[in-house]
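**Student:** Let me give you the structure first, and then I'll get to my questions.
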Amino acid sequence: METALRVQNLSKSYKRRLRQPGLMGAFKGLFSSKEEELHAVQDISFAIQRGERVGLIGENGAGKSTTLKMLTGILVPTRGEVTVLGRTPWKERRQLALNIGVVFGQRPQLLWDIPVRETFELLKTMYRIPNDVYGTIYKEAVKRLSLEPLLGTPVRHLSLGQRMRCDLAAAVLHAPAIAFLDEPTIGLDLSVKEQVREFITDIQEKFGITLLITTHDLKDITETCDRLLLLDKGKLLFDGSIKAFEQKFASDRRIVAELHKPVDSADVKALTDEIRKLGGSLKEAQGHRVIVEHHDESLAPVLTQFLLTRYQVVDLNLEKTDIETIVMRIYRQPDQED
C-alpha cells in the first residue's frame, strides 16, 4: 500500500521569556535574557497509508493542532521530517495545497463577504475541479449537509454550526488525496453531527480520501476512523487500531444479568467464590441484578454460561469500557517516562 504521509522524529518547541510578577518584574523582564523552552510536540513518528482513516486525539495542549499545522505546512518544525504525498509541507506548500483539504475548527476558509455558492464556484476554478467530480460532491454535500438554505447567504451571516458544514463541503469539493479535519463537528447539534459523520465516511469511501481527524468528540473517531493516534503533552502514547486500543487499555469488562427471581442473600458468598474460581469477580448481587467483572475477553463465554446455568436470566448484556472513559483514565495516570 502506498504511503500518503510519513512523520519521523517530529518536534516543535517554543521559547518564552521569563519575567517576574508585578510592574517591577515586567520592567526587569525588558532587560532579562532568561528563557524557557516549551515543547508542544516531542519526537513523534508515524506513517499513514493511502485511504486510511485515522483519528488524532488528546487533551487541550496535547499537541494535536500543532501537529496538524506542521503537516499542512503552516508551521515549520523545530526538528524532524515530514512528507505528505511525497512533498515537504512547509517547503512545497503551494504545490501540496491542490491535493489536500483542510478544516480548522473555528477558522473558516470561506470568503467572509460573498455568498457560499460563489465561494464554492471560486474553489472549483482555483482547484481546477473536473465538472463530474465537482457536480457529484457538490450535490452530495448540499443534500447531506442541508446546505440549500445557506447557499445564497454571505459567510459572515452564518452561525458557527452553519459555517462548519460549509467549510467541510469546501474542504472536500476537489476530492483531495488527503483531508485534515480539525474539530469538524464543533458547534453542531447531535443530529447534525450524525449527518456530518455519515457524509465524511461516504465521501471518503467513494473517492478513497485519506483522512486525519482531530477532535474532542470521540464519537467522531469511533464512527469514522479505523485507527487511533493518542497524544499527551506532545508525546505519542498510542498508535494502532481502535480495537487494539480497547484491548490494551479497556481491561475491565462487565456482564450484567437481569434475573427472573431476586438473588438469595445467603447465596452471595458461594456465588462470589465460584465466580472467582472462573477468573471473574462479583461486582453486585442485589435484587434482580447480578453484575460480574472480568479482565480477559476470553472469559466472557465461560462466565455467561455459568450465570445462564445457575439462574433464570431474562436479560443479559456484555459491557466494555467506552473510549471516553479509557482516555480519561490514561490522562489521570502519572506522567509516563519513555
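Only the coordinates and a few stated rules stand behind these numbers; no lab work does. All figures in this text were calculated on a predicted structure; none of them were measured in a lab. Because the Cβ atoms are built from the backbone with ideal geometry, glycine has one as well, and the counts that use them run over all protein chains shown.
**Student:** Any chance you could give the angle, 0 to 90 degrees and rounded to 10, that helix 160-172 forms with the longest Cα principal axis of the chain?
**Tutor:** Around 70 degrees separate the two axes.
**Student:** How do 282, 168 line up, fewest other C-beta atoms within 10 Å first?
**Tutor:** Placing the least packed residue first, the sequence is 282, 168.
**Student:** Among 8, 268, 184, whose Cα lies farthest out toward the positive end of the dipole of the chain, if unit charges sit on the beta carbon of Lys, Arg (+1) and Asp, Glu (-1)?
**Tutor:** Final value for the positive-end residue is 8.
**Student:** For helix 268-277, report the angle its Cα long axis makes with the longest principal axis of the Cα atoms of the chain; keep it between 0 and 90° and round to the nearest 10°.
**Tutor:** It is inclined by approximately 60 degrees.
**Student:** Quick one: grab the alpha carbon gyration tensor of the stretch 91-197, order the square roots of its eigenvalues as a ≥ b ≥ c, and give me rounded if a/c is under 1.5, else prolate or oblate depending on whether a/b is larger than b/c.
**Tutor:** rounded
**Student:** Sticking with this one: Can you give me the P(r) profile for the chain? Cα pairs, bins 10 angstrom wide beginning at 0, each as a whole percent.
**Tutor:** Answer for the chain: a P(r) of 5, 20, 24, 20, 15, 11, 5, 1 percent.
**Student:** If you average over every viewing direction, what projected area does the convex hull of the Cα atoms of the stretch 157-240 give, in nm²?
**Tutor:** Taking the Cα atoms of the stretch 157-240, their convex hull projects to 6.2 nm² on average.
**Student:** If you take every DSSP beta bridge whose two residues both sit in the chain, what share of them, in percent to the nearest 5, is antiparallel?
**Tutor:** About 70 percent, rounded to the nearest 5.
**Student:** OK, next. Using only Cα atoms, locate the centre of the stretch 40-108 and the centre of the stretch 267-311, then give the distance between them in Å, rounded to an integer.
**Tutor:** That distance is 47 Å.
**Student:** To test your reading of the geometry: what angle, between 0 and 90 degrees and rounded to tens, separates the Cα axis of helix 300-310 from the longest principal axis of the chain?
**Tutor:** Once rounded, one gets 30 degrees.
**Student:** Now, a different point. Quick one: among 63, 161, 287, which has the greatest mean-square fluctuation in a GNM of the chain with alpha-carbon springs under 10 angstrom?
**Tutor:** In the Gaussian network model the winner is 287.
**Student:** Please report Rg over Rh for the stretch 242-305, where both radii come from the alpha carbon positions and Rh follows the Kirkwood definition.
**Tutor:** When Rh is taken as the Kirkwood radius, the ratio is 1.03.
**Student:** Given the pairs 193/320; 139/320; 12/91; 15/91, which span a C-alpha to C-alpha distance of over 28 angstrom in this model?
**Tutor:** In this structure, 139/320 lie more than 28 Å apart at Cα.
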